Structure formats: structure tokens, C-alpha cells
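Throughout, read-outs are computed from the coordinates displayed, never taken from laboratory work. These numbers come from a predicted model, not from an experiment. Methodologically, a virtual Cβ is constructed for each residue, glycine included, from the backbone with ideal geometry; neighbour enumeration extends over all protein chains shown.
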Amino acid sequence: MLIELSLSLPLPFLWTTVAMITKKPSCFCLLVLFFVCFSININLSQGTDSITANQSLSGSRTIVSSGGTFELGFFKPGNSAKYYIGIWYKTVSPRTIVWVANRETPISDMNSVELKISEGNLVLTQSQVLIWSTSVNSKTSNSVVATLGYDGNLVLRDGSKHKSTEGFWQSFDHPTDTFFPGGKLSYDKRTKTKKILISWKNFEDPAPGLFSLELAMDPNGSHDCFLIRNRTVRYWTSGDWNSYHMMRQSYIINYTYFDNVNETYLTYSLYKPSTMSKLVMEVSGLLTAASWLENTKEWNQHWSLPKKQCEVYGYCGPFSICNQYSSPFYFCLPGFVESSEKDWNMKDYSGGCMRKNNLSCGNNPFLISLFF
């Protein structure tokens with residue numbers, strides 16, 4: 001939305017003023033010019049859901065999905081000095097980010113930054129230097145538009161065709177930490193590639209973090225889902241989907257698991273589509289599901305996996321202790337301090353703790369071999 005303008009003059013006063021002004025031709029021309037400009041401002045303030053070849057986003061400009069649920073634009077997480085292109089719920093406060101384009105290539109200076117259509121792609125540039133791109137080969141580069149759908153899916157498509165036409169790139173194929181209704185977590189049996197959720201590094205850095213939600217890569221048909229630390233260590237598994245539903249069904253969310261010759265994928269839908277719901281791979285290593293309660297203006301969490309924070313493998317790092325019943329959960333062993341106070345303040349405990357004082361082993365070879 002480029003301009004927001006409201007006019008709140010009493011109607012009798014407005015018409016009286018019009019009658020007085022129209023007695024003079026020169027004033028009447030000014031009046032016509034005023035209403036033309038006012039009309040233009042109204043149109044601009046209504047915003048749009050698409051970026052076209054002759055339009056770009058910069059500064060505080062955004063696009064808004066049809067229905068007004070989602071918004072795309074530049075944002076700065078927390079107290080970070082870095083900027084990103086992201087999607088968030090427009091009516092939720094504080095802002096809840098659900099997708100990030102340039103999560104590994106942040107912007108440090110907003111001067112000369114543009115999100116625009118170029119050669120058939122949606123690209124983010126700074127002073128004409130490429131920061132991020134959808135990187136697809138398009139045969140309709142002259143008519144490409146990027147549309148933010150009502151479901152939060154950013155789609156690159158042929159603008160000369162109807163919006164319902166399938167696009168050739170979509171953000172649903174590139175999830176970050178949030179699983180959208182209608183999106184997919186999948187394993188492609190043909191290409192051996194996966195769509196997975198990966199947590200943020202910390203609350204101020206959306207770069208890929210330690211924890212992920214992935215589907216089994218078993219070509220023989222294993223129907224497991226895993227929570228994994230550092231892409232290697234599994235610390236939670238659903239078991240076979242046929243015998244145990246990873247995410248219990250509710251009156252709000254309906255989860256479905258599909259398996260065919262080409263792919264295995266998990267998706268979900270909402271019984272009430274107007275409900276704002278999210279499934280997030282958290283910085284804490286927990287997978288959580290929640291819905292927005294409009295009357296209380298807060299997220300209502302339905303469940304978390306694992307059920308206890310201390311069951312998340314390696315979240316607290318070396319030389320630290322997790323106590324489910326303390327606040328905070330994590331603290332250092334006696335004689336140790338946080339290895340990074342800044343990281344701990346952002347609830348990133350992966351660095352663990354370090355000794356307050358170095359060991360004084362001297363050059364004794366026995367002690368060196370004993371401790372090292």
C-alpha cells in the first residue's frame with residue numbers, strides 16, 4: 001500500500017464549500033484537480049496483491065493477498081540491523097513471519113533496494129547487485145507477475161492468463177520454518193529431493209538453524225516423520241503413519257499423508273478456512289501447532305512435539321543442564337558460564353557453556369592425557 005488517506009469533513013460543510021468555490025471558474029478547476037488527486041490516492045491506498053513488470057517494492061511498500069490475510073514486504077526481525085523480504089499475517093500483532101525469501105542473504109542497507117520482476121524472475125537487488133532470485137527459466141518473461149495468494153502462497157505466473165492458472169514457481173515449494181495449510185512437506189522418489197521445515201537460527205536471524213522436520217526417504221514405503229538436529233541426529237519420530245498420527249486430529253486442523261509411486265508428502269487443511277493457523281519448526285527444536293484467537297489477540301497452542309522441551313536433543317549445548325521444571329529451562333554446570341550471552345538472550349543455547357577459569361594443568365603429560 002503506497003498511500004493511506006482519509007477525509008472526515010461534515011457532508012453539509014463539504015457541499016456548501018463546493019457551491020461557494022464553483023462560482024469562480026479558476027477555483028472550480030482547482031476543485032476538480034483536488035478530487036482527481038484524491039481519487040488517485042484512494043486507488044493507491046487500496047494496495048495490490050501482485051508485483052508486475054512495471055512495479056517494484058521498496059521501503060515500506062507492500063502487497064496484500066486477496067482477502068487481506070497475508071502481507072509481503074521488507075521487515076527487520078527484533079533488534080537486528082538486517083532486512084529481509086518476508087510474508088506475515090497482516091492483522092496479527094506482534095508481527096508473525098511465516099516465510100522469508102532471502103533468509104541466507106540479508107540486506108544491511110535499505111538504500112537502492114528493490115524487489116521487482118526482471119527477465120521472467122522475481123529478483124531482489126541492491127544498487128543493481130543481485131541479492132536473491134526465484135531462478136527459473138520463463139518463456140513468458142514479458143508478462144510475468146508475482147501474486148500473493150489468499151493462502152499465503154507467493155506464485156510466479158503468466159500475467160496474461162487467469163490468476164487460477166498454475167504458476168511456474170511458488171513459495172510453497174520453498175518452505176522456511178512454517179508449514180502452510182495446503183502446502184507440502186515431501187520426498188520426491190524420482191529426484192531424491194525433499195521439502196522440509198528448518199528452524200530459524202535464533203529469534204533475530206532467519207538463516208537456517210539446527211532443527212528440521214523431514215519425511216522418511218525410504219523408497220520401500222516407510223511412512224515416518226522425523227525431527228532432526230543438524231540434519232543428522234533424529235531426536236523424535238512419528239512411527240509409521242498408518243498406525244500412529246504424528247499430529248492428533250482436531251476440530252480445527254485435518255492432516256493427511258499421501259504416498260504414491262512418485263512422491264510421499266504430508267499436507268493439511270483447515271475445517272474452517274477463515275481460521276489463521278500455523279505449524280512451526282521452532283528455534284527451540286519443538287514442532288508446534290497453533291491458531292489465532294481474535295477475541296484474546298493471541299496464539300493458542302494446540303500441541304508441541306516432543307511434549308517436553310528437555311527432550312530436544314542437544315538444544316542446551318555442552319556443559320549445561322536442562323530442567324523441565326525450572327525457569328529458564330537451561331543453565332550452566334557449576335564453574336561454567338554461557339559461551340555467548342548474546343546467543344542465550346535470543347534463546348539460542350546451542351553453544352552451551354564454557355569454564356569460568358581455564359584448567360591449570362601445566363605441562364604435566366599425565367594430566368594432559370587424562371583431561372584431553
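Taking θ as phi - 60° and the Karplus parameters 6.51, -1.76 and 1.60, the scalar couplings of segment 339-352 work out to 5, 8, 4, 4, 5, 5, 5, 9, 6, 9, 9, 4, x, x Hz in sequence order, x denoting glycine and proline. Going from the residue with the fewest nearby Cβ atoms within 10 Å to the one with the most, His162, His223 rank His162, His223.
The GluC sites (Glu not before Pro) found in segment 96-204 that occupy coil by DSSP, while having at most 16 further C-beta atoms within 10 Å, are Glu104, Glu119, Glu166.
Cβ crowding within 10 Å, taken as a proxy for footprinting-reagent exposure, orders Ser56, Ser212 from fewest neighbours to most as Ser56, Ser212. For the pair segment 326-355 and segment 66-86, the centres of their Cα atoms are 30 angstrom apart. Once backbone amide H atoms are built at 1.01 Å from N, Ile63 has Leu72 as its partners under 5 Å, excluding neighbours fewer than 5 places away on the same chain. Can you bin segment 50-292 into rounded, prolate or oblate? Criterion: square roots of the alpha carbon gyration tensor eigenvalues sorted a ≥ b ≥ c, rounded for a/c under 1.5, prolate for a/b above b/c, oblate for the rest. Prolate.
For segment 326-331, putting each phi into the Karplus relation 6.51 cos²θ - 1.76 cosθ + 1.60 with θ = phi - 60° gives couplings of 9, 9, x, 5, 10, 8 Hz, in residue order, rounded to whole numbers and with x for Gly and Pro.
Take every pair of alpha-carbon atoms less than 8 Å apart whose residues are at least six positions apart; their mean separation over the length of segment 50-292 yields a relative contact order of 14 percent.
Cross-link partners of Lys278 among lysines, defined as those whose alpha carbon lies under 22 angstrom from its own and excluding same-chain residues fewer than eight positions apart: Lys76, Lys90, Lys184, Lys194, Lys195, Lys201, Lys297, Lys307, Lys308, Lys347.
Phi angles of segment 85-102 translate, via the Karplus equation with coefficients 6.51, -1.76, 1.60 and θ = phi - 60°, into HN-Hα couplings of 8, x, 10, 9, 6, 5, 9, 9, 9, x, 4, 10, 7, 10, 7, 10, 6, 9 Hz per residue; Gly and Pro are given as x.
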